[in-house]
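A.B. asks: Below is the structure I would like to discuss, written out as structure tokens.
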Amino acid sequence: MSAPETSRNPDNFCYRHPDRQSFVLCQRCLRTICPECQTQMPVGVICPECLRDQQKASGAPRPRRAPRILRAVRSGDSRPLVTYAIIALTAFVFVVTLIPGVGIVVQQSLAMYAPYLYPEFTGTFQPWRLFTVLLVHSGFWHLGLNMLALWMLGSSLEPMLGRLRFLSLYLLSGLGGSVAVALLGFGTPVVGASGAIFGLFGALLVIGRHIGANITGIAVVLGINLVISFLPLITGASGFQVSWQAHIGGLIVGALVGTIYARTRAIRKKRLQVGLLVGTTVVLVALLGVPMAIYG
């Protein structure tokens, strides 16, 4: 995301740090600001200059600095903390699945198995599987490759989009992968965060093209991963598989969310952005009714 072509549109970079890409705007002056330059306010974020002007106008004293961890969470730290948190949680769950007698139960309870979404078929309703599938993996290499990809993609996307947008992208992409499994692999039990990872690929591809970056490298890596998706499936000892359906579903939803972000980055379009994300979620949930029509 650092190709020379991106310099053609300075609006995609922090006005105080021209080498840092961001999709976050100051709510007052509408200039692009990176995480380091953001100050969280009740209705959004503002840049340092607008904060200083606001304090002068109100005559209010400079607010006390929050504890370090809170400053990092709010805006003063450009590290991809959400990415780190997802990796840590996923690694923790993987360690739990290695515990004899307990791990297999945890894995079976969190994996994606579409019939458990329909009480009419199994007598049970377990909707959490749509998202918890992102936390369980078939083995160390499966986990390692997914978390490496998440770290690489998250390090670029999270500082650019902001933490909440990035988390929304990750979860919606994961949901898209699970819905695709329900539609195209109904009776197949699957595990892994690959659906969400492919969603990050799709979003990065769309956003990179939107800001004028050289996306050839991203497209090549994505193409290779798609080809690998259709090779003989990786199956864990418990019988759970890595699903190409989740890859395709996550990729499509991630690209869609990336398009929404790219087209609604202005503050005046914030409500439109939220509405489109909610609409995407509603459509994905509605698609879960298709298996009922087919198998019911």
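Just so it is clear, none of the values below were taken in a lab; they were calculated from the coordinates. If you're wondering where the values come from, they're calculated on a predicted model, not measured in any experiment. Cβ: placed from backbone, ideal geometry, glycine included. Neighbour counts: every protein chain shown.
A.B. asks: Taking amide H atoms as placed 1.01 Å from N in the peptide plane, list the residues 5 or more away in sequence, or in a different chain, whose amide H sits under 5 Å from that of Arg20.
C.D. replies: For Arg20, the qualifying residues are Cys14.
A.B. asks: Sort 245-252, 120-127 by packing, meaning the average of other beta carbons within 10 Å per residue, with the highest value first. Don't skip to the answer; put the middle values down first.
C.D. replies: Numbers: 245-252: 25.9, 120-127: 12.0.
For the peptides 245-252, 120-127, the packing ranking is 245-252, 120-127.
A.B. asks: Enumerate the calculated ³J(HN,Hα) couplings along the stretch 28-35 in order (Karplus 6.51 cos²θ - 1.76 cosθ + 1.60, θ = phi - 60°), each rounded to whole Hz, writing x wherever the residue is Gly or Pro.
C.D. replies: Once rounded to whole Hz, the list reads 9, 9, 6, 8, 6, 9, 7, x.
A.B. asks: Using 7 Å Cα-to-Cβ label points, what is the Trp141/Val220 separation (nm, one decimal)?
C.D. replies: 2.4
A.B. asks: Give the long-range amide H neighbours of Thr39: residues separated by 5 or more places, or on another chain, with amide H under 5 Å away, using H modelled in the peptide plane at 1.01 Å from N.
C.D. replies: Ile46
A.B. asks: What distance in nm separates the two pseudo spin-label positions at Val285 and Val105, each 7 Å out from Cα along the beta-carbon direction?
C.D. replies: 3.1
A.B. asks: If you plug each phi of the stretch 244-251 into the Karplus form 6.51 cos²θ - 1.76 cosθ + 1.60 with θ = phi - 60°, what whole-Hz ³J(HN,Hα) values come out, in order, with x for Gly and Pro?
C.D. replies: Each residue's phi maps through the Karplus curve to give 5, 4, 5, 4, 5, x, x, 4 Hz.
A.B. asks: Pop a pseudo-label 7 angstrom from the Cα along the beta-carbon direction at both Asp53 and Tyr84 and give the gap in nm to one decimal.
C.D. replies: 3.4
A.B. asks: Work out from phi, with θ = phi - 60° and the Karplus expression 6.51 cos²θ - 1.76 cosθ + 1.60, the ³J(HN,Hα) of each residue of the stretch 258-264, listed in order in whole Hz, and give x for Gly and Pro.
C.D. replies: Karplus values, whole Hz, x for Gly and Pro: x, 5, 4, 4, 5, 8, 10.
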